[in-house]
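The next block holds one structure in the form of structure tokens; read it before the comments.
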Amino acid sequence: MRDDNTIQIICKAFALRVIKLYQYLKDEKKEYILSKQVLRSGTSIGANARESVNAQSPMDFVNKLNIALKEANETQYWLELLHESDYISDVEFDSIYADCNRIVATLIKIIKTKKENLN
């Protein structure tokens, strides 16, 4: 499977995990601020990756994926805060953070490859 197809699949699966995490934090932990931030950035990753599918040019494609990468980095930050403030356990954090790291690594690989192909 091509990486640009893989990224669509893993970003959507991650967004669904983030939505469930948000619901858990809101309903069970009564946490409304950090959970909303991770919801916004965590679902934005896939939205920006999806926008890259209909990019107007190869550079637009790279730009859309760079935005997705920035959102993934922001999501890592919110997950770290949720973990370090004890809203999510070590096990919960390790699992979802690993998924986010996979997205970051895949985005970096796609962006790097596309830039190399442009030169």
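Bear in mind that the values in this text are calculations on the coordinates, not laboratory data. The structure presented is a predicted model; accordingly, all values stated were derived computationally and were not measured. All Cβ positions, glycine included, derive from the backbone under ideal geometry; neighbour counts span all protein chains shown.
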Query raised in the report: Given the pairs Lys20/Lys112; Lys70/Lys115; Lys12/Lys36; Lys36/Lys114; Lys12/Lys114, which are separated by over 27 angstrom at their Cα positions?
Result: Lys20/Lys112; Lys36/Lys114
**Report entry** Mean-position separation - Cα centroids, the range 40-55 and the range 86-119, in angstrom
**Finding:** 14
Report summary line: So, relative contact order of the chain in percent, Cα under 8 Å, 6 or more apart, is 29
Requested in this report: Specify the angular offset, from 0 to 90 degrees and rounded to the nearest 10, of the alpha carbon long axis of helix 90-118 from the longest principal axis of the alpha carbons in the chain.
Outcome: 10
Query raised in the report: By how many nm would the segment from Thr6 to Asp27 lengthen if fully extended, with 0.36 nm per residue of separation less the alpha-carbon distance?
Result: 4.4 nm
Report task. Measure nothing fancy, just the Cα-based angle from helix 3-27's long axis to the longest principal axis of the chain, in degrees from 0 to 90, nearest 10. Result -> 20
Query raised in the report: What ratio of Cα Rg to 2.2 N^0.38 Å holds for the chain?
Result: 1.10
Query raised in the report: Hey, what angle do you get for helix 33-52 against the long axis of the chain, alpha-carbon based, 0 to 90 degrees rounded to 10?
Result: 20
Query raised in the report: Along the charge dipole of the chain, which of Gln8, Gln76, Ser35 sits closest to the positive end, that is, farthest toward it, with unit charges on the beta carbon of Lys, Arg, Asp and Glu (+1, +1, -1, -1)?
Result: Gln8
